[in-house]
Amino acid sequence: MNEEQLAGTLQSVGQSCFVRFFGEFSSRSMSREDVIEKLRAETNYTEGSCISRTGHAQSIINAGLAKSALNIVISSESPRVTENTREEARQWLKNAE
C-alpha cells in the first residue's frame with residue numbers, strides 16, 4: 001500500500017473513527033465481528049459502514065502502516081479532526097513506539 005492508497009483507505013475509515021476505535025481495530029483479542037458490533041453499538045453508522053470501516057482499518061494495521069496513518073491524523077488540517085482526536089492519535093503513536 002503506497003501513501004496515496006493509505007490516505008484513501010484511511011479516508012474510508014474516517015480519521016476520527018480510526019483514532020477513536022484504534023484499540024479495537026488493532027486488538028488481537030477481539031474478533032472482527034466483536035469490533036463491528038462495538039462500532040454499531042457506539043455510533044450511528046449502518047452495519048455496512050461498520051463492516052467497511054473495520055475492514056479498511058484492519059488492512060492499514062495489518063500492512064504495518066498504523067504509525068503512518070496516525071501521523072496523517074496528527075498533521076490533518078481537516079475541520080472534522082478535533083484537537084482532542086489529534087492528541088489521542090499522539091498518545092497511540094507514543095504507545096506504539
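Output the residue which, of all residues in the stretch 1-27 that are among the hydrophobic types (A, V, I, L, M, F, W, C) and crowded, with 19+ Cβ neighbours inside 10 Å, is farthest from Arg80 (Cα to Cα).
The selected residue is Phe25.
Quick check on my filter: what residues within the stretch 8-29 are under 13 Å from Trp92 (Cβ atoms) and in a loop (DSSP other than H, G, I, E, B)?
Phe21, Ser26, Ser27
Applying the selection to the stretch 59-97, what residues are of a type outside the set (A, V, I, L, M, F, W, C), in a loop (DSSP other than H, G, I, E, B) and surrounded by 15 or more Cβ atoms within 10 Å (Cβ to Cβ)?
Ser76
For residues in the stretch 28-45 being over 18 Å from Phe18 (Cβ atoms) and of a type in the set (S, T, N, Q), which is surrounded by the fewest Cβ atoms within 10 Å (Cβ to Cβ)?
Ser29
Regarding the stretch 30-46, can at least one residue be identified that is among the charged types (D, E, K, R) and either under 17 Å from Ala96 (Cα atoms) or in a loop (DSSP other than H, G, I, E, B) (or both)?
no
Any read-out appearing in this document is the output of simple, stated calculations on the displayed coordinates, not a laboratory observation. Treat the numbers as computed from the prediction; the structure is a model and nothing was measured. So basically every Cβ, Gly included, is an ideal-geometry build from the backbone, and we count neighbours across all protein chains shown.
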